[in-house]
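Trainee: For reference, the structure I am asking about is given below.
The values are calculated or read from the model by the stated rules, or taken from the named source; none is laboratory data. All values reported here derive from a predicted model rather than from experimental measurement. We place every Cβ from the backbone using ideal geometry, glycine too, and count neighbours over all the protein chains shown. Remember, those area values only see protein heavy atoms, side chains included, never the ligands or the DNA or RNA. Shrake-Rupley method; radii C 1.70, N 1.55, O 1.52, S 1.80 Å.
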Amino acid sequence: VINKPILLHNLIEEILNSFKEVSTNKSISLKSNIEVPSQLFQCDADKLEKIITNILANAIKFTAPKGQITFSAVFNSEKILKLNLLDTGIGISEEDLPHIFKPFYQSQTMIYDSSIGTGLGLTLVKELV
């Protein structure tokens, strides 16, 4: 079932916990602020997991050792889940900004780890959101 009741707070915590080891191994501080009630929400857990996983993976990929990533998830008074990610990574150049959601687009900017992506992560995130 795509939209089923889930403990949203727990799902977000589980996703974040799955990144703890890789961030620690890379000497990156991963902090979080989750302001989501501990109750059941109708949600497509698979889509939400893909969204959060892709943005966290990018943050880790483009953040140098000793850097910091802060992820927040806030369920506001309008009943909207807002996700925010801040990092000390290299950022996105002005010339890359118009292209980051295009399939297979990859910046020529240096990455801090040896993994090479497909250029589909942000395209998928945009489509799922």
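Trainee: Which residues, counting only those in region 55-95, are crowded, with 17+ Cβ neighbours inside 10 Å and of a type in the set (Asp, Glu)?
Mentor: The answer is Asp87, and nothing else.
Trainee: Further, regarding this structure: For a quick check of your reading: which strands (runs of 3 or more DSSP E) sit entirely within region 32-129 and have at least 2 residues that are among the small types (Gly, Ala, Ser) and at pLDDT 95 or above?
Mentor: 68-75
Trainee: I've got another one for you. Only one residue in Ile28, Ile51 is within 18 Å of Val125 (Cβ to Cβ), crowded, with 16+ Cβ neighbours inside 10 Å and in contact (Cβ under 8 Å) with a residue 12 or more places away in the chain. Which one?
Mentor: Of the residues listed, the single one that is within 18 Å of Val125 (Cβ to Cβ), crowded, with 16+ Cβ neighbours inside 10 Å and in contact (Cβ under 8 Å) with a residue 12 or more places away in the chain is Ile51.
Trainee: Ok, one more. Would you check if there is a residue in region 2-11 being at pLDDT 90 or above, in contact with a Cys (Cβ under 7 Å, 6 or more places away or on another chain) and more than 19 Å from Glu127 (Cβ to Cβ)?
Mentor: Within region 2-11, one or more residues are at pLDDT 90 or above, in contact with a Cys (Cβ under 7 Å, 6 or more places away or on another chain) and more than 19 Å from Glu127 (Cβ to Cβ).
Trainee: Related question: Lys20: over 30 Å from Ile90 (Cα atoms) and either modelled with pLDDT of 95 or more or open to solvent by 40 Å² or more (accessible area, probe 1.4 Å) (or both), yes or no?
Mentor: Spelling it out, it is not the case that Lys20 is over 30 Å from Ile90 (Cα atoms) and either modelled with pLDDT of 95 or more or open to solvent by 40 Å² or more (accessible area, probe 1.4 Å) (or both).
Trainee: So, one more: Please specify each residue of region 5-31 satisfying the condition of being in a strand (DSSP E or B) and out of contact with any strand residue (DSSP E or B) (no Cβ under 7 Å at 6 or more places or on another chain).
Mentor: Within region 5-31, the first condition is being in a strand (DSSP E or B), and the residues that meet it are 5-7, 29-31.
Hits for region 5-31: nothing passes.
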